[in-house]
Every structure is written in C-alpha cells, then in structure tokens.
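Beneath this line is the structure, given in structure tokens, with notes to follow.
Each reported figure results from applying straightforward, stated rules to the coordinates on display, with no laboratory input. Fair warning: this is a prediction, and the values are worked out from it, not measured in the lab. Note that we place each Cβ from the backbone using ideal geometry, even for glycine, and neighbour counts take in every protein chain shown.
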Amino acid sequence: MDHSKHHRDDGARGFARLLRWSEAAAYVAGALLCSLFALAQADSALGSTRALEEFAAGLAPPDQSQWAAGRVRDYEKAKHAEGAPVAVLTVPSLKLEVPVFEKDDEISLNRGAGLVAGMGNPDQGGNFGVAGHRDGYFRALKDIKVGDLIEVRTRIKMHRYRVTSIDIVDADDKRLLADTELPTITLVTCYPFYYLGNAPQRYIVAGSYQWSSDT
Amino acid sequence: MRRSTYLSLIGATALLGGAAAPALAATCSDAQFSQAVLDRFPNIRLVCSEIIEKEGQQYAVVKGDLVRTGNNAVYMKFKLPDGTKSDTRKIETRPEFRVKVDGKPTSVRNLAVGQELTAYVKVSDPVIALEPAVEESLVLVPIEPAAPMVAENTAEMPHTASPLPAVAGLGALLLAFGGMLTFLRVRRES
C-alpha cells in the first residue's frame with residue numbers, strides 16, 4: 001500500500017518537474033524568438049536610416065583638399081564597401097523612400113530593398129529589378145497606381161520611371177524579369193500582402209524610363 | 001556702249017565676288033555621304049545636327065541618349081526631328097575613354113543611361129566615333145547595323161517573404177504556452 005503511494009508521489013513529483021522544465025523552456029525560447037524579432041526590427045529601422053544617411057553623404061563628398069592620399073582611398077573604398085547602398089528608391093505618391101542594396105539577401109531586405117540577381121542595374125540600363133519584403137517597405141506598393149512616378153537616385157544620376165503595369169504572377173513565373181532593350185524598372189514583392197507563410201504569388205510593378213526630354 | 005560697259009562691270013564684279021567668297025559649308029541635307037554610310041545608317045540625314053570638319057575630313061554630328069552601357073560598348077538612340085528616337089546603335093569604346101557629359105569629362109565606365117552623348121559619323125566612310133572630352137584624334141569604329149541589345153534571362157524570382165513574422169508569432173505562442181503551464185502549476189500546487 002505504502003509502496004504504491006510512494007510510486008504515485010514519485011510520478012507526481014516527476015510530472016511537476018517536467019511541467020516546471022517545460023514552463024522554463026517555453027519562456028526562454030519564447031523570449032529568445034521575441035528578442036530576435038525585436039533586434040531585427042531595430043536593425044531594419046537603424047540600418048535603413050544609416051544607409052540613407054551614408055548614401056546622402058556619399059553624394060556630397062566632404063572637402064578632401066587637406067586629406068592624405070591614403071585617407072581619400074579609404075573613403076572611396078568605404079563608399080563601395082559591401083553592405084553600402086547602391087541607390088535610393090523613392091515613390092513620392094506613397095511617401096516611400098528606401099535604400100537599395102546590391103544583394104537581395106535577408107539582411108539587405110530587412111534594411112531596405114535589394115537588386116534582383118541576374119537583372120540589370122539602374123546606371124547600365126536594361127530591365128533592373130528591385131526586391132522588397134511585402135511585410136516591410138514594399139507593403140506600400142499595394143497602393144501604387146499606373147502612372148505613378150518612381151525615382152532611383154544612384155551615385156551618378158537620378159533616374160525616373162513611370163509605372164506602366166501592375167501584375168500578379170505565380171512565384172515561379174520569371175517572364176516579367178526578362179531583359180528589355182530600353183531601360184525599365186521592375187519592383188517585386190510577395191503576394192498576397194497579408195498571408196501567413198510563403199506567399200504563392202508575386203506582385204510585380206513595371207515602369208518605363210522617363211527621358212529628360214519626356215514631359 | 002555705255003550700257004554694255006555697265007553690264008561688263010557687273011558681270012566682272014559678280015565673277016570676282018564669287019571666286020573670292022569662301023565655299024559654303026556643307027549642311028546635313030547636302031553633305032555627300034558615301035553609299036556605304038547611307039547603307040549602314042539610312043536615317044543619318046535626319047539625326048545629323050550639323051557637319052563639322054576635323055583633320056581635313058567632314059563629320060556629321062549626331063546627338064543621342066545613352067540607353068545601355070557595358071562590354072566595352074555604349075548603346076545609343078539618336079534624336080529624330082519629330083522628337084522620337086532612332087534605332088539602337090552600338091558604338092565600341094574603351095571603359096577609360098573620356099567623353100563630355102554636361103560639359104564635364106567623364107570616363108565611359110562612369111556613364112549612366114539617360115545621359116546625352118555626342119558622336120561623329122564620317123561623311124565619306126561608314127565609321128563613327130564618340131566625341132572625346134578633350135581635343136584629340138577621334139577613335140573611329142565601324143558603324144554597326146542597328147541592333148537592340150537584350151541579354152538572356154538568368155534572373156530568378158527573389159524570395160521576398162520574411163521569416164520574421166513567423167518568428168515573432170512562434171515566440172508569442174511559446175510565451176503563451178509558458179504562461180499556461182505556470183497557471184496549471186500554480187493551481188496544482190495550491
């Protein structure tokens with residue numbers, strides 16, 4: 001009799017211990033994941049602001065007349081360092097301003113937008129693609145309209161594009177990423193904008209180049 | 001007699017004046033483009049803005065917008081009188097060659113689409129050269145047939161779904177689960 005009670009007590013104590021461990025593990029893992037999210041959000045906000053400031057500073061270089069040659073070289077190197085934005089994309093109608101990085105990896109897309117690998121770049125012409133997260137900067141694209149202006153400021157020139165089409169395609173449909181003879185812009189984000197998990201489609205905004213002689 | 005003298009004087013003056021006046025400079029419409037130039041660049045008269053002389057040769061000045069750069073070449077569309085643009089023309093060059101952009105010397109590697117460039121087409125031969133930033137010999141290359149430059153599509157659809165919302169959701173679920181376990185434990189212990 002005492003023996004079975006002893007067993008029951010042991011079982012209850014084991015269960016209580018398991019409960020306590022599970023409880024602690026859930027708190028620790030939950031706190032870690034929430035901290036990771038908070039850190040990523042902070043990195044997104046701070047990284048984007050810093051990238052925009054760096055880019056603006058690079059456009060108006062400081063007076064280097066008193067600088068040593070090595071310092072000027074380092075400055076130029078830092079301007080083109082990995083992680084530095086290559087352009088700033090603005091959509092005035094959406095009040096969207098986002099740094100564009102050379103790669104479309106997770107860190108770049110968390111801080112802004114990224115050039116789509118295998119497509120052109122704004123200064124060299126062709127079809128130049130920019131990717132962004134649908135739950136980040138590019139969520140604003142849900143309100144973009146045909147005819148809206150898209151501006152891309154590179155270190156060389158301000159390029160202007162006019163939105164010509166908005167399409168929703170399957171995630172593996174690459175036709176709209178094909179090269180073009182004239183300079184064009186293609187903005188890519190996931191669709192639907194509000195969706196849990198990997199969205200099955202892509203939201204594609206295409207724009208044609210506005211020549212300085214265009215009105 | 002007197003009338004014939006006047007007429008002779010007028011005739012002589014006209015002849016002397018004609019001989020002494022400088023030859024009129026050629027214009028885009030009357031320049032003697034060779035057949036080879038016209039074959040390679042049929043609308044040269046339309047895109048030509050003036051004829052200049054350089055190193056004893058006549059050149060048609062053509063202005064256009066840069067539509068693409070790369071592979072030691074620039075691709076330009078020239079301006080037609082009605083405001084439209086010509087076919088795309090490829091001009092071979094070197095990345096370090098300097099041209100004038102908005103009056104400033106700029107190397108070809110630092111050009112950007114949308115910039116206006118000037119080129120010279122030799123009137124007598126089917127060759128073309130970008131206008132150099134400084135006074136130097138022209139780098140003439142054969143005029144290539146109009147050809148749009150389109151690269152093969154190697155792009156992959158980017159992954160634009162961020163895992164962060166899922167991370168935040170899972171974290172919140174785990175915290176809620178922990179809270180539920182705490183509630184169960186406290187109730188059990190009391």
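At a glance:
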{"read-out": "Tail beyond 34 Å, pair distance distribution of the protein assembly as shown (Cα, percent)", "value": "52"}
{"read-out": "Ranked list, fewest to most other Cβ atoms within 10 Å of each Cβ, for A:R13, A:R50, A:R153", "value": "A:R13, A:R50, A:R153"}
{"read-out": "Order of A:K103, B:K79 under a 10 Å beta carbon neighbour criterion, fewest first", "value": "A:K103, B:K79"}
{"read-out": "Largest-first ellipsoid semi-axes for chain A, taking √(5λ) over the Cα gyration tensor eigenvalues, angstrom", "value": "48, 26, 13"}
{"read-out": "Size-normalised alpha-carbon gyration radius of the stretch B:32-142, reference 2.2 N^0.38 Å", "value": "0.99"}
{"read-out": "C-alpha center-to-center spacing [the stretch A:112-165, the stretch B:120-166] in angstrom", "value": "20"}
{"read-out": "Student exercise, chain B dipole from Lys, Arg, Asp, Glu Cβ charges, in Debye to nearest 20", "value": "540"}
{"read-out": "Cα gyration tensor of the stretch A:85-209 - equivalent ellipsoid semi-axes, whole Å, descending", "value": "20, 16, 15"}
{"read-out": "Cα-based radius of gyration of the stretch B:122-165 once divided by 2.2 N^0.38 Å, which approximates compact folds", "value": "2.37"}
{"read-out": "Long pairs among A:K145/B:K79; A:K174/B:K77; A:K103/B:K85; A:K103/B:K79; A:K103/B:K63; A:K157/B:K77, criterion Cα-Cα beyond 24 Å", "value": "A:K145/B:K79; A:K174/B:K77; A:K103/B:K85; A:K103/B:K79; A:K103/B:K63"}
{"read-out": "Mean residue ellipticity (222 nm) of the protein assembly as shown, computed from DSSP H runs ≥ 4 via -39,500 (n - 2.57), nearest 500", "value": "-11000 deg cm²/dmol"}
